[in-house]
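Inspection log for the structure reproduced underneath, given as structure tokens.
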């Protein structure tokens, strides 16, 4: 067990985000907090903090996916362990919040899953949450503690510009993402188009019906907050080529990537798909079309500013 500088930043990584946590620590020039997770034969988890956190402001980094429920429960156990070890505060850095998709009661007799998870995080003892591109902004209101919903927009946009894509048109994958897509278009100085999409069930499949807007002769850039099967991206890319787009790029914050998604992306006209490293436990190997863009510098800067009691507003694109 090591002894830390009592004024230094203290960061721990859950088993869902060990690599990302290490990158964050490297940017901040601090050591990763010592801890361990044990998994017993019946499926239960045991977490242990292996250094003194008494009176400290502590950060725990954990995305909650693959396996979603295990990683979410592990996060709760980390919060509880740190609070019971007398940490002054616990900031949850949750790069990808998997249950954010359950943000509303849009049919009878269903749970608002994101609200249930928010209540659990608070009950476990978290003092603050930092996340990236929540599926719906109103989820911040499910918490009674501060929530900083960071944007991957500048990180992804700066990465795609390096490919010299030419004249761009930003494409929203559906009507619900238009406002966010407009932010990407504004940042890149590009026009905007919309893929009209219809989803008929909860099977993660949607049909792209048409493209609204001019894409002929332009490089189309499909943007979204996450992709699972890659189906919507692939269908939109095919429609864009049919409508005269000369090239198709895509970029999403969270590359969830279920089994079979890489084959879908490989067969599609997408030239390059940029994703951040908010998720690192996917059950599939990446296609050569995938480019990983690290979100670690953004999260490191947020942690540094929180630790120094500085404003985070400069991290949000205007």
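We did not get these values from a lab; they are worked out from the coordinates using the rules stated. Small disclaimer: the values here were computed from a predicted structure and weren't measured. Cβ coordinates were reconstructed from backbone atoms using ideal geometry, including for glycine residues, and neighbour counts include every protein chain displayed.
Here is how the numbers come out for the structure above:
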{"quantity": "Test: residue 269 is surrounded by fewer than 16 Cβ atoms within 10 Å (Cβ to Cβ), in contact (Cβ under 8 Å) with a residue 24 or more places away in the chain, in contact with a helix residue (DSSP H, G or I) (Cβ under 7 Å, 6 or more places away or on another chain) and farther than 20 Å from residue 66 by Cβ", "calculated": "no"}
{"quantity": "Pick from region 232-266, criterion in contact with a helix residue (DSSP H, G or I) (Cβ under 6 Å, 6 or more places away or on another chain) and assigned to a helix (DSSP H, G or I), ranking: nearest to residue 163 (Cα to Cα)", "calculated": "234"}
{"quantity": "Selection status of residue 66, surrounded by fewer than 22 Cβ atoms within 10 Å (Cβ to Cβ) and assigned to a helix (DSSP H, G or I)", "calculated": "no"}
{"quantity": "Residues of region 272-292 classified as farther than 17 Å from residue 231 by Cβ and surrounded by 24 or more Cβ atoms within 10 Å (Cβ to Cβ), total", "calculated": "3"}
{"quantity": "Count of residues meeting criterion [under 22 Å from the mean Cα position of the chain (by Cα) and in a strand (DSSP E or B)] in region 18-49", "calculated": "1"}
{"quantity": "Unmet criterion (only one of (1) in contact with a strand residue (DSSP E or B) (Cβ under 7 Å, 6 or more places away or on another chain); (2) within 30 Å of residue 34 (Cβ to Cβ); (3) touching a residue at least 40 places away in the same chain (Cβ under 8 Å); (4) surrounded by 16 or more Cβ atoms within 10 Å (Cβ to Cβ)) for residue 50", "calculated": "(4)"}
